[in-house]
Each structure stands twice: as C-alpha cells, then as structure tokens.
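Okay, structure first, notes after.
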Amino acid sequence: MKTKKSLVSFLLLCVFLCQFIIPTIVRADIGYTDNTSGRFPTDYTEINGIIRNYRNQPIEYDEAFVSKTASKGEKDGEFYIDLKIEGKDKSEPKMKDIVIVLDNSNSMKLNGTKWSEADNKFVLSDKASDGAHDRVTAANNAIKTFLDNVKERAGENVRFALVTYGSDVFDGSLCKEFYFENQYFPDNTVGTLTPNKEDIIAKLPTKAPYELGKSCGATFTQAALKRAADILKSSPNGNEKYIVHLTDGTPTRSYKMKSVDRNGIATFDYSNTIASERNNYYYELYRRNQYANIMGSKMGDGQAYELVPKGDARYNQVYSIHRAYDVPDASTGRRLDITNHGRPTLYEAKNIVNKYQTFTVGVELSGYTFNNDGYSVRYPAPHHIDKPYAVDIMERMSTSKNHYYDATNIDQLSTLLSKIEARLFNPTVVNGSVSDPMGDMVDLNLNANLDGNKFYKLTASNPSLLNGVSVSYDKNTRKISVTGLNLGANQWVNLRYKVNLRTEDPQYKGNFFYPTNGPTTLTPNEKNPNTKRDFPVPSVKANTIDVNVQKLWKYKNGTELPDSMKKEIKVKLVRKSTNPNVAAADREKEIAEKTLNKAGNWTGT
C-alpha cells in the first residue's frame, strides 16, 4: 500500500508541476479536416475555389480578437496572408489625471546645434539627428502626439496639467534670488487639471531660457516633481493619477533638507527664505550694493551637481548654496550627509512615486563634466557624472525601473511616449508577440516589396501603435516573428505578407488544399510566456490544368503530308516557376513527357 500511495503522490506532483511548464494554448475549437481534398478548416468560407478561410472570425480570447485570412495574389499559386490582432480593455473607464513634467533647462536646446561665432548664436550641427530638431522641438512634437492619442482614446475621461521647469517651475512668477533676481520666469505651466489638451499645447515652451535672455536655465527637478504632486492632490480618490516626466540631465538645484523620520520620509524647507552674503562679484554685477540675495531654502544655482563637502579647501570660499550639510536621520539613528542635489531630489521623489505612477524619459543622457573653475566665483571642484549614474537617478525618480525609458536619440521620443500611453489604458496585449511559421508546401515571398523593400506591410488603427513593433523572419526555422505589440480596446495591428505554393516540390499535389502556415500563436503578455492564443490557419491550392497537344502533319500551304513522312514524336512539358524563392537554375523543370503517334491520332494530354 505504501508503494501505491507513493506512486499516486508522485503522479499528483507531476500534474501540479505540469501546470507551470505546459503552455496554455487556447485553440477556440477551430477544427481542421483531412481528406483527399487536402487539409483545411472544417468550418470554412471558400473563395474562388482555391482558398478556404476559417468562417467564424475574429476569434475572441480574454486578451484579444485574432484573425488570419488568405486572399488571391496577382499570379497563380500566389496568395496574400493577413494576420490581425485587436486588443481589449477589461476594466471600466476611469478618469485619468496626467501631469506632464517637462525639463526646459538650457541643455534641452543644445542637441543637434553648435555655437557659431559668425552668427553669434546656436546653429544646426553636422551631427544633428534626423529631422534636425533640438530637444525642445522634439519634446514638443512628441508631447503633442501623446496628448492627441490619449485624448482620442479617453475622450472626456482624461485631464491634463503641465509643469515646465528650469531653475524653478516656469509659472510666470517673479524671482528674487541672486542673479535670477527681479526676473519673471517664463510662463509655461498649466497648474490645474484641464480636459482641454489645447491648453497644454499652448503653454509648451518653444525656446530655452538663454534664448529669452533669462539666466534661469538650471535643472530644479525636485521643485517640478513637488508641483506635479501638489496638482494631483486635488484629484479625487477614484481617479487614476500619472506623472510623465521628460528630462535630459541630473538636478543642479534642490530644496534644503531638514530631517528624515523613522520611516525614511524626508522633510524640506519650502519656505523660500532669503539669506544675504557679501560678495564683490555681485556688487560688480548689479552695481547697487555689496549684498546678493541668496535663497536660503534652495541649494545650488545650476552650475554643479555636487556640493562642496565639509573640510574641503573650497568650503569657505563658496556661497552657502554650494555647501554640503547633514541632517538627522531617525531611520538610522545617525546624521545623513547631503553632498549633492540628487539625494534631496530622490527623497522628494520617494514621497511621490509610490502615490502616483511616475514615468520618466531620459532624453539623450550622456556623461557630463561640471567645471566652472574659469569663473571668478568659486564653485564645487570639477566633477563628472557618467551615464549609468544619471540613469540610476532617473530610475529611482520613477515608480519602478520599468517606468523609466531611455531615449538615446530624440527621434525615439514619440516611440517611448507611445509605450507609456499604452500602459495608461490597461492594455490586454502588453509587449505581446506572434509566432507564425510557414506551411510545409508554402514559401514566404521575401521579394514582395509590400512596403518599400520589405517583405511585409504593417498597418494599425493608429500609426503610433507601430512604434516599437518589430517583424523578422528566420530562414532556418521558416518563421515570422512579431514583437512589441501593445494593444487596448479598439486598437489593432495587421500584418500582411505574400506566400507562394511550392508547386515545384516533388511531393506537391495539384487540386489539393495546403495550410498556409504551421500553428500560429499570440503571446499576449511577455510576462506570461506560457500563455498562448491560437490563430486560425487558412488553406490554399492551385488548380491543375490539362495541356492538350496535337501534331499537325501539313506543309506550309496546308497540304497534308504523306504517311511515309509521319514519324512517332515525343513532347516534353516544361514548367517555369514564378516562386522567387526558387533558385534561377531550378526555375525551369521538365515535369512530363508524352509520345504522339498514329495510333493515338497524333494527340495527347
């Protein structure tokens, strides 16, 4: 009995484990018939006597609607295949409140440009990326497309706000600190949630601060994130809340931190208090008195990422806004050193990204060296921030690492924002993929040139859905792969390609239906690779024809030849293939031979 129980336990364990190993493939009871006519869907619609498509399409699964059909090509034995996936939305629509946070520091203008001494301005560089856009223009274009697409999908169930920032939030307010003093910041912020996307578009900046003659082109990321969070505080509890942040660099300003509590939550001085420091440089700059206004609650002026540590020779030579400091940290029982602007920014972000889904797009991040030793005012020592360090900051300013997107080129901004857009709408196809092998008696036409020089053509309900979608073909496995599919309700992508029957194959039968493909599957979510959904597979055939031949024994003038001149002859039938996948040397092939003689009345078939 013990052995029997052990065997039963082992079998139960195997069944349990198989649930996690065997892919979940749903075939929707498509059904196929095999008989002397070939293999084809049991329930089919026939076209021209040579195509049999599954009748009940599209097939509905939990995640998507799928369909696959064949249609006649321009030549005999040639067919178009259309494979379509349409997403769904499982959830009831909710109001979405989205705050766009846009870095408008001076560096956002520098991509693709260089300083021209002759023109005394920045001009297009030879190394500018395609489209010749600076980062400001590229970001604006991408944001406009993002707003259009989100509004189209959500209708009245979405509201937007905009926080643009440089040395502070660009809300048109008056600044009273050091060399920004008595300047009005640009007015490029929409501080309340609005259903009108045009309100946001109208406020997008078209220039960097230096182009406006303003010295406020630093990067005060913390202030911008705080303002975005303040806007979302007014959003009702039932609404979905998002922050979408575009920036090209590490912060160079921060609020002064006061303490960290036992839960690791920091408090800051947001009071905008002003301190005064004597300095002859500012006296010469402003020519009014020997005091410059320094914002005591705000650290940095945009010229450095790091602060000067205590004990450093520069510590007493720089303004207090450039000096490192420490605060009590109740979570560790020690004091926490604040030696750069990244740490306060990340502590601020920690309070925000867990409340609101926060996406960050790093715009052409690269290594950067801060070096201001040529100035008469002392700054922190030259220091370099490499890209991995910058990316780490961006990821930690986001809800998760998966909420960070790295745009290595500004031309990628629209693609990345479309990926974020897809995630706002609970898509049912998330980074989905399709596996589509060719059938045994079918070849993919790699020279179809359906879209330029491509063998395929992708279309979608909205062109932005194709951003990030990749199509490839493996000649060894004879399989098409589609990746990067992100689809929600009423969103579809269609793949079209052309195939040829392998009529030159020795095993080919005329008037016989062959499946165009092997088992074709959709993986709706890359995180669940074992969950697959089956497509119906169409079947096609090429009609055979009778070739009748007859030998006429006549002179040119039509007179019949005498029987003594009529000799038995052989006629050969040569087939010329139009399949581009067949080698040129094999495209003409003898397939039949017939003997014509008097007994057969000089005819044959």
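The values are calculated or read from the model by the stated rules, or taken from the named source; none is laboratory data. Since this is a predicted model, take the numbers as computed values, not measurements. All Cβ positions, glycine included, derive from the backbone under ideal geometry; neighbour counts span all protein chains shown.
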Tell me which residues, restricted to the stretch 521-541, are in a strand (DSSP E or B) and touching a Phe, Trp or Tyr at 6+ places or on another chain (Cβ under 8 Å). T521, L522, R533, S539, V540
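Please find, among A324, A313, the residue that is touching a strand residue (DSSP E or B) at 6+ places or on another chain (Cβ under 8 Å), within 18 Å of N372 (Cα to Cα) and surrounded by fewer than 20 Cβ atoms within 10 Å (Cβ to Cβ).
A324
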Counted residues, the stretch 429-484 - those being over 16 Å from the mean Cα position of the chain (by Cα), within 24 Å of P524 (Cα to Cα) and surrounded by 20 or more Cβ atoms within 10 Å (Cβ to Cβ): 6
Only one of L444, L450, L458 is among the aliphatic types (A, V, I, L, M) and in contact with a helix residue (DSSP H, G or I) (Cβ under 8 Å, 6 or more places away or on another chain); which? L458
Cβ-Cβ distance below 8 Å, separation of 6 or more or different chains: which pairs start in the stretch 435-448 with a residue that is under 16 Å from S67 (Cα atoms) and end on one that is in a loop (DSSP other than H, G, I, E, B)? S435/T520; D436/T520; D436/F535; P437/T477; P437/R478; P437/G518; P437/P519; P437/T520
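Going by the structure shown, is T164 of a type in the set (S, T, Y), buried (at least 20 other Cβ atoms within 10 Å of the Cβ) and in contact (Cβ under 8 Å) with a residue 12 or more places away in the chain?
Judged against the criteria, T164 is a match.
For every residue, the table says whether it meets (1) at pLDDT 90 or above; (2) under 25 Å from the mean Cα position of the chain (by Cα).
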residue	(1), (2)
G112	no, yes
A118	no, no
A132	no, yes
V136	no, yes
F170	yes, no
Y179	no, no
Q183	no, no
Flagged in the stretch 240-262 as part of a loop (DSSP other than H, G, I, E, B) and modelled with pLDDT under 95, in numbering order, are D248, G249, T250, T252, R253
In the stretch 41-55, what residues are touching a residue at least 60 places away in the same chain (Cβ under 8 Å), within 16 Å of N543 (Cα to Cα) and in a strand (DSSP E or B)? I51, R52
Test set (1) surrounded by 20 or more Cβ atoms within 10 Å (Cβ to Cβ); (2) over 20 Å from M299 (Cβ atoms) - G238 fails condition number: (1)
Mind checking whether some residue in the stretch 402-420 is farther than 26 Å from V158 by Cα and modelled with pLDDT of 95 or more? no
Selection count, the stretch 377-424, where residues are among the hydrophobic types (A, V, I, L, M, F, W, C) and within 30 Å of K88 (Cβ to Cβ): 7
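Here is a yes/no grid of residues against (1) outside any loop (DSSP other than H, G, I, E, B); (2) of a type outside the set (F, W, Y); (3) modelled with pLDDT of 95 or more; (4) at positive phi:
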site	(1), (2), (3), (4)
K214	no, yes, no, no
T219	no, yes, no, no
K226	yes, yes, yes, no
Y283	yes, no, no, no
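Taking the conditions exactly as written (of a type outside the set (S, T, N, Q), modelled with pLDDT under 95, in a strand (DSSP E or B) and closer than 28 Å to K88 by Cα), does V430 satisfy them or not?
yes
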From N340, N354, grab the single residue that is within 30 Å of I100 (Cα to Cα) and under 31 Å from the mean Cα position of the chain (by Cα). N354
